[in-house]
1. On a 0 to 90° scale, report how tilted helix 240-253 is relative to the longest principal axis of the chain, with both axes built from alpha carbons and the result rounded to the nearest 10.
2. How much net charge surrounds residue 218 when only the other residues with a Cβ under 10 Å from the Cβ of residue 218 are counted, with Lys and Arg +1 and Asp and Glu -1?
3. Can you order the peptides 109-116, 171-178 by their average number of other Cβ atoms within 10 Å per residue, highest first?
4. Could you check how much of the accessible area of the chain is carbon and sulfur, as a whole percent, using a 1.4 Å probe?
5. Once each part is reduced to its C-alpha centroid, what is the distance from the stretch 153-202 to the stretch 227-259 in angstrom?
6. Which pairs break 21 Å Cα to Cα here: 247/279; 146/298; 146/166; 247/298; 247/274?
7. Which order do the peptides 234-241, 258-265 take when ranked by the mean count of other beta-carbon atoms within 10 Å per residue, highest first?
8. How charged is the neighbourhood of residue 275? Take every other residue with its Cβ under 10 Å from the Cβ of residue 275, and add Lys/Arg as +1 and Asp/Glu as -1.
Amino acid sequence: MENAPHLSVLPRETIDVLAVRPDVVVVDGTLGYGGHTELLLQAGARVIGLDRDPRAIAAAEARLAPFGDRFRAVQANFRDIRAVLDELGIDEVDGALVDLGVSSPQLDVAERGFSFRNAGPLDMRMGEDAPTLAEYLAGVDDRELKRVISWYGEERFAGPVAKAIKRELHRISDTVQLAEVVSNAIPRGAWPKGIHPATRTFQGLRIAVNDELGALDAWLQALPAVIAKGGRAAAISFHSLEDRAVKQGFTALAHPCRCPPGMPVCICGAAEWKLVTRKAIVPTEEEIARNPRSRSSKLRAVERL
């Protein structure tokens, strides 16, 4: 059962950077089990929560029922934020939030196939709109699998790992067996300290199966079409590829003026956005002690002027 506890990362910092006030409308693009959304609602916001996972939607709706019509859940990928708002008849919102990565309940429930601590199916889907890991591995070739594990997983032994997975795929039926194949493909002397040797490969596969970076890019590209003047967008990332994409996306919105000298007013869009966070906000030592999974989280925000 998916009743594992989940602690929202950077909770108060997130509310602060979004400048939440009563009756603003915020889209939480990664509703999950409702942690950040609950904080937004407590601060007086009206929240539209998006999630690909119907189980998360059901759990969040039960948790947030006391807030009545100030909360609405929609089963959707946050990459489709503009389409969702169109369906709801909403032109613009005051805030948008994404908390990237996998929630604790997804990690802790073996049946979801995200973890190798207990045997689970080769799944890894955040929603029903993605292929299972088994389907992905059956269709991907060695070269692409190596790229995914190297680039998304930042695994330096991606080549041997990819070859081992494809060679042994016929006998891999669960996540524990997959982790064993991955571990055996990495020289024992090169196993990372502090994490399981299959951790990086599992990260890369999860990102590929769910097209996580593609979804993030689509969300970033959609912000000018969904955020109202005075509104803000915030993103919490957990690894360098996500944080790099968020940093570059927000910086591109808040770019220096590129208009020719002598222009009476800015027409290139530079005057429309500003960075709320010049440097990423990271968790305090107290939060890390309370919630070790917050350790690698980084929060960035941007405002439309």
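1. Approximately 20 degrees, to the nearest 10.
2. Working: positive: 79, 82; negative: 80, 211, 217.
Net charge in that neighbourhood comes out at -1.
3. Numbers: 109-116: 20.2, 171-178: 17.6.
Taking the mean over residues of other Cβ atoms within 10 Å, the ranking is 109-116, 171-178.
4. Details: 7410 of 14500 Å².
Accessible surface attributable to carbon and sulfur in the chain totals 51 percent.
5. Here the answer is 34 Å between Cα centres.
6. On the way: 247/279 9 Å; 146/298 27 Å; 146/166 10 Å; 247/298 10 Å; 247/274 12 Å.
Over 21 Å apart, Cα to Cα: 146/298.
7. On the way: 234-241: 21.9, 258-265: 7.9.
Going from most to least packed, we get 234-241, 258-265.
8. Details: positive: 247, 274, 278, 279, 300; negative: 303.
In short, +4.
The values are calculated or read from the model by the stated rules, or taken from the named source; none is laboratory data. From a predicted model like this one, the values you see are computed outputs, not experimental measurements. FYI the Cβ positions are ideal-geometry reconstructions off the backbone, even for glycines, and counts take in every protein chain you see. Areas reflect the complete protein model, heavy atoms only, side chains present, ligands, DNA and RNA absent. Shrake-Rupley method; radii C 1.70, N 1.55, O 1.52, S 1.80 Å.
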